[in-house]
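Data first, discussion second: the structure below is written as C-alpha cells.
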Amino acid sequence: SVILFASSTPDIAASHTALGQLFAEVAKYDAAMEQYEAALNIQKQVFGTDSPVTAIGYNNIGAVHYQQGNYADALKDYQTGLDILNKSEPNHADTASSWNNVGLTYLKMGDNEKALENHQQALRILTSLYGANHPNLATTIGSIGNVYKSQGLWENALNEFEVAHSLLETALGTAHHPDVASSYNNMGLVLSQLPGREHEALEKYRAACEAFEKSVGSEHPHVGSCRFNMGLMLQSQGLKEKAKKEFEAAKEIWEISLGPSHDHTTMAQKSMEECS
C-alpha cells in the first residue's frame, strides 16, 4: 500500500488547483503553472495516471500553455488528458470539452482539418448527451464556425454562428451577456466578408457593442473592438466621418483600458488619421 503524507492528499491537490485558477484569472501564468503542476503530481500519486481526475490536471496545464501561446506544449497536455478521458469515460461532457480544447489548439496551429475533426467529435458526444437543441452545444458549434471562418467558408461559418447564437439566447434569456455579445460580433465579422451584407454586419456589431456595454461596462476592451469593427465597416462604405467617430471611440476606450502605447490604441489612432 502507498503511504500518503499530509502534503499528498486530494484536499491539498484541490487547493493547488484553486490557487492555479486564481493566478490564471489574473494572467499570472508562471504562478498558475507551478500550482497546477503541484496538483498534478499529487493527482497522479493519489488517483493514478489513468484517472479522470488526473486528466483534468493535464487539461489545466494545457490551458496555461494555450494562454501563453505555447500551442505545441498545450496540445501535448490537452491530448494526454483527452487520451485518459477517452478510455475511462468516452461519452462524458468532460471528454467532449477535452476534444474541443484539442480542436482549439489545432486551429491556433493552423491545422484546420484536425481542428474540425476534434470539434465535430465533441459535438457528437454533446448531442448524444443533451440532444441537438441544448445550449451546452453552443460553444462547440461556435468553435466549428471559427474553423470555417479561418478557411474563408463564410456561409458555412455564418450558419454555425447563427445556430450557436440562438442556443445562447435561449439559455441565457437575455441579449445582454458577454457570450451573446461575442456571438453577435462573430456574425458581424462573417457578414462583413459577404458581398451586399455590409448593413447586416453593421447591425450585428451595434448589437454586440450594446450587449458588451450592458454586461461588462462601456470601457471594456471588447467594446473598443466592436466600435473599431464598426469603423472599418463604415470606412469600407466610404463614410469617413462616421468611421472616424467610431475609431475615435475605440481609441478612447483602449487608451483607458489597455494604455496609450498598446498596439490596439495606436492602430485606432492610425485609422482615425486615415479618415481625416
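The values are calculated or read from the model by the stated rules, or taken from the named source; none is laboratory data. Quantities reported herein were computed from a predicted structural model and do not represent experimental measurements. Note that we place each Cβ from the backbone using ideal geometry, even for glycine, and neighbour counts take in every protein chain shown. Just the protein is used for accessible areas: all its heavy atoms, side chains included, with ligands, DNA and RNA removed. Shrake-Rupley method; radii C 1.70, N 1.55, O 1.52, S 1.80 Å.
The Cα atoms of region 165-218 give a gyration tensor whose axes a ≥ b ≥ c have a/c of 1.5 or more with a/b no greater than b/c, which makes the shape oblate. To the nearest 10, the accessible area of W154 is 70 Å² with a 1.4 Å probe.
Taking each residue as 0.36 nm, the span from F47 to N91 lengthens on full extension beyond its C-alpha to C-alpha distance by 13.8 nm. For region 134-200 versus region 25-40, the inter-centroid distance based on Cα atoms is 32 Å.
Taking all protein chains as shown and a probe of 1.4 angstrom, D30 keeps an accessible surface of around 120 Å². Cysteine residues of the chain whose C-beta has no other cysteine C-beta under 4.7 angstrom: C275. Length available on full extension from D11 to R124: 0.36 nm per residue minus the Cα-Cα distance, which gives 37.3 nm.
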